[in-house]
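The values are calculated or read from the model by the stated rules, or taken from the named source; none is laboratory data. Only a predicted model underlies this, so the values are computations on that prediction, with no experimental measurement involved. No Cβ is skipped: glycine too gets one built from the backbone with ideal geometry, and neighbour counts run over all protein chains shown. Ligands, DNA and RNA are excluded from the accessible area calculation, which covers all protein heavy atoms including side chains. Shrake-Rupley method; radii C 1.70, N 1.55, O 1.52, S 1.80 Å.
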Amino acid sequence: MDQLSRLDTSVAHSARLWNYLLGGKDNFAVDREAAEQVLTFMPELVQSARYNREFLGRAVRFLAGEAGIRQFLDIGTGLPTASNTHEVAQQTAPSARIVYVDNDPMVLVHARALLTSTPDGATDYIDADIRDPEAILGSAERTLKFDQPIAIMLLGILNFVVDDDEAAAIVRRLVDAVPSGSYLVVSHPTTEVHKEAVVRAMEMWNASGSAPITARTPAAIASFFDGLELLEPGVLTVSQWRPDGNDTTVVTEFGAVGRKP
């Protein structure tokens, strides 16, 4: 089946909604309508989306630079915008290899068209769901070497695995598959700030027929790093993770980076 024939434009999709919040054009009326409804009582969502993207950039620059990572497994890629994982990584390390994973056909079509590697590096794209880590790992072996450190990027994706035990098991399986010296990067919505607005937004989203979503506490997010060395400054609002002149206003997305010993 052609990928675009799988597109469902009758319900909002998180990747397209996020694209709209980031000022992109790859979205439909249903996505824009859902976003505007949420923004009426949670206007900081635009800021949260942008700060989450900036967090990705700072984390990848650290990983490709100071940490010396040359391989990235980015699960829940979302629609391409500016400063994608491979662009940030390959600015520092042109030989970096990146595998993007998503299960939205619109994302995959755009990724293949727009996310092109440097001549020295590589990019690949996997059509898979985070709930199937075996399929992800098996396909990623085409591009990544699992005997060398890999950064696992899980930004804004674990919140779609609403069962806590299932989410923890997925993270464990992914981390178990990579060697010592690998890293885990997570960002996740919380109710730590703007609690009532976050709860209302998620209730609205879940009632719309879109893929269910959940928020987790900072402690629950930290538990994804069990057995890893949690890097300073720990789990906190993404805008305050190792700021580099960026706005550090507190937003609902919290994030952290950990290293596998």
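Of all the residues in region 176-188, those that are in contact (Cβ under 8 Å) with a residue 24 or more places away in the chain and open to solvent by 20 Å² or more (accessible area, probe 1.4 Å) number 4. Residues that are out of contact with any Gly (no Cβ under 7 Å at 6 or more places or on another chain), of a type in the set (Phe, Trp, Tyr), crowded, with 20+ Cβ neighbours inside 10 Å and modelled with pLDDT of 85 or more are absent from region 11-20.
Going by what's in this entry, would Ala197 be described as aliphatic (A, V, I, L, M) and buried (at least 19 other Cβ atoms within 10 Å of the Cβ)? So that I can check it myself, show each step before the final result.
Numbers: aliphatic (A, V, I, L, M): yes; buried (at least 19 other Cβ atoms within 10 Å of the Cβ): no.
The answer is no for Ala197.
Among residues of region 47-63 being out of contact with any Leu (no Cβ under 8 Å at 6 or more places or on another chain) and surrounded by fewer than 24 Cβ atoms within 10 Å (Cβ to Cβ), the one that is modelled with the lowest pLDDT is Gln47. Considering only region 36-46, I want to know if a residue exists there that is open to solvent by less than 60 Å² (accessible area, probe 1.4 Å), more than 22 Å from Asp247 (Cα to Cα) and in contact with an Asp or Glu (Cβ under 8 Å, 6 or more places away or on another chain). There is no residue in region 36-46 that is open to solvent by less than 60 Å² (accessible area, probe 1.4 Å), more than 22 Å from Asp247 (Cα to Cα) and in contact with an Asp or Glu (Cβ under 8 Å, 6 or more places away or on another chain). Residue-level check: of (1) of a type in the set (A, V, I, L, M, F, W, C); (2) without any contact (Cβ under 8 Å) to a residue 12 or more places away in the chain; (3) open to solvent by less than 10 Å² (accessible area, probe 1.4 Å), Ala113 misses just (3).
For every residue, the table says whether it meets (1) open to solvent by less than 70 Å² (accessible area, probe 1.4 Å); (2) basic (Lys, Arg); (3) not in a strand (DSSP E or B).
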{"site": "Ile126", "(1), (2), (3)": "yes, no, no"}
{"site": "Ala135", "(1), (2), (3)": "yes, no, yes"}
{"site": "Phe146", "(1), (2), (3)": "yes, no, yes"}
{"site": "Pro149", "(1), (2), (3)": "yes, no, yes"}
{"site": "Leu154", "(1), (2), (3)": "yes, no, no"}
{"site": "Asn159", "(1), (2), (3)": "yes, no, yes"}
{"site": "Val162", "(1), (2), (3)": "no, no, yes"}
{"site": "Asp165", "(1), (2), (3)": "no, no, yes"}
{"site": "Arg172", "(1), (2), (3)": "no, yes, yes"}
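Based on this model, can you work out whether Gln3 counts as modelled with pLDDT under 90, over 22 Å from Tyr125 (Cα atoms) and not hydroxyl-bearing (Ser, Thr, Tyr)? No: the conditions fail for Gln3.
Of the helices (runs of 4 or more DSSP H) lying entirely inside region 12-104, those containing at least 2 residues that are among the polar types (S, T, N, Q) are 14-21, 45-64, 85-92. In the set (1) assigned to a loop (DSSP other than H, G, I, E, B); (2) among the small types (Gly, Ala, Ser); (3) in contact with a Leu (Cβ under 9 Å, 6 or more places away or on another chain); (4) more than 26 Å from Leu39 (Cα to Cα), Gly234 fails one condition alone, (3). Out of all the residues in region 206-225, is one or more part of a loop (DSSP other than H, G, I, E, B), buried (at least 21 other Cβ atoms within 10 Å of the Cβ) and among the β-branched types (Val, Ile, Thr)? No, region 206-225 contains no residue that is part of a loop (DSSP other than H, G, I, E, B), buried (at least 21 other Cβ atoms within 10 Å of the Cβ) and among the β-branched types (Val, Ile, Thr). In the set (1) surrounded by fewer than 16 Cβ atoms within 10 Å (Cβ to Cβ); (2) of a type outside the set (Asp, Glu); (3) over 21 Å from Tyr183 (Cβ atoms), the condition left unmet by Leu108 is number (1).
In the set (1) open to solvent by less than 20 Å² (accessible area, probe 1.4 Å); (2) at positive phi; (3) of a type outside the set (A, V, I, L, M), Ser83 fails one condition alone, (1).
Could you tell me how many of the residues in region 23-35 are under 17 Å from Ala201 (Cβ atoms) and either β-branched (Val, Ile, Thr) or open to solvent by less than 60 Å² (accessible area, probe 1.4 Å) (or both)? It would help to see each step written out before you state the result.
To start, the set of residues in region 23-35 that are under 17 Å from Ala201 (Cβ atoms) comprises 30-35.
Imposing the further condition that a residue be either β-branched (Val, Ile, Thr) or open to solvent by less than 60 Å² (accessible area, probe 1.4 Å) (or both) reduces the set to 30-31, 34-35.
Of the residues in region 23-35, 4 are under 17 Å from Ala201 (Cβ atoms) and either β-branched (Val, Ile, Thr) or open to solvent by less than 60 Å² (accessible area, probe 1.4 Å) (or both).
Considering region 92-134 alone, what residues qualify as being modelled with pLDDT under 85, under 29 Å from Asp163 (Cα atoms) and small (Gly, Ala, Ser)? Don't jump to the end; show me each part of the working.
Initial filter on region 92-134 (modelled with pLDDT under 85): 104-116.
Subset that is under 29 Å from Asp163 (Cα atoms): 104-108, 111.
Ala111, the sole residue that qualifies.
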